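Have a look at the structure below, then the notes.
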Amino acid sequence: MGIFIGLAVLFCLVMSLKILIKAVQKGTFLSFETVCVIGFVYISFLIGFAMLYLLLHEYDIIVLMENGSSLQGTYFEKLETCLYFSAVTLFSVGYGDITPVGIGRWLALIEAFLGYILPTTVVARTVIGMDKGE
């Protein structure tokens, strides 16, 4: 069951990226609609990666460590920690209070890359659009 949930989350992440690419290809890039799409793509990445971290942790695959030990607490405390780690990874370089391990390092690497590439595409597309007079 966990594999199907994981695949569904990955599908949602890919579809979010596809929607962003369509928004970037539109003529007027800085419209209200496009800014909303970018915001929703960020939110879907944040929640999607948090769900992947939590799903792996629930199947006893340690991907995050807090203060040198595996995540502790109730399901909702783990969810909160995964959401926090996902947000910090997506929007910055992290604080170091929660550390990815094993496959979690690769997930965090992909999430950080997406977090860095999204603003770059916005700026690049805006500059290209201004240069072409769109």
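The values are calculated or read from the model by the stated rules, or taken from the named source; none is laboratory data. In this text the structure is predicted, and so the values were computed from the model without any measurement. Don't worry about glycine lacking a Cβ; one is built from the backbone with ideal geometry, like all the others, and counts go over all protein chains shown.
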Just for region 80-123: of the residues that are closer than 18 Å to LEU46 by Cβ and outside any helix (DSSP H, G or I), which one is nearest to the chain's Cα centre (by Cα)?
SER92
Could you please find all residues in region 62-79 being within 20 Å of the chain's Cα centre (by Cα) and exposed (fewer than 14 other Cβ atoms within 10 Å of the Cβ)?
PHE76, GLU77
Scan region 40-69 for residues that are hydroxyl-bearing (Ser, Thr, Tyr) and in contact (Cβ under 8 Å) with a residue 60 or more places away in the chain and jot them down.
TYR42
Check off (1) touching a Leu at 6+ places or on another chain (Cβ under 9 Å); (2) more than 15 Å from CYS12 (Cα to Cα) for ASN67 and give me the number that stays unchecked.
(1)
With the requirement that a residue be in a helix (DSSP H, G or I) and of a type in the set (Val, Ile, Thr), what does region 46-70 give you?
ILE47
Checked against (1) within 21 Å of ARG125 (Cβ to Cβ); (2) crowded, with 19+ Cβ neighbours inside 10 Å, PHE113 satisfies every condition except (2)
So VAL122, is it closer than 24 Å to GLY2 by Cα and surrounded by 13 or more Cβ atoms within 10 Å (Cβ to Cβ):
no
With respect to PHE32, is the statement that it is within 22 Å of ALA124 (Cα to Cα), free of Cβ contacts under 8 Å to residues at least 24 places away in the same chain and not acidic (Asp, Glu) true?
yes
Residue match in region 71-93 (condition: modelled with pLDDT under 90, touching a Ser or Thr at 6+ places or on another chain (Cβ under 6 Å) and under 18 Å from GLY6 (Cβ atoms))
yes
Across region 65-117, what is the number of residues that are within 21 Å of LEU17 (Cα to Cα) and touching an Asp or Glu at 6+ places or on another chain (Cβ under 8 Å)?
3
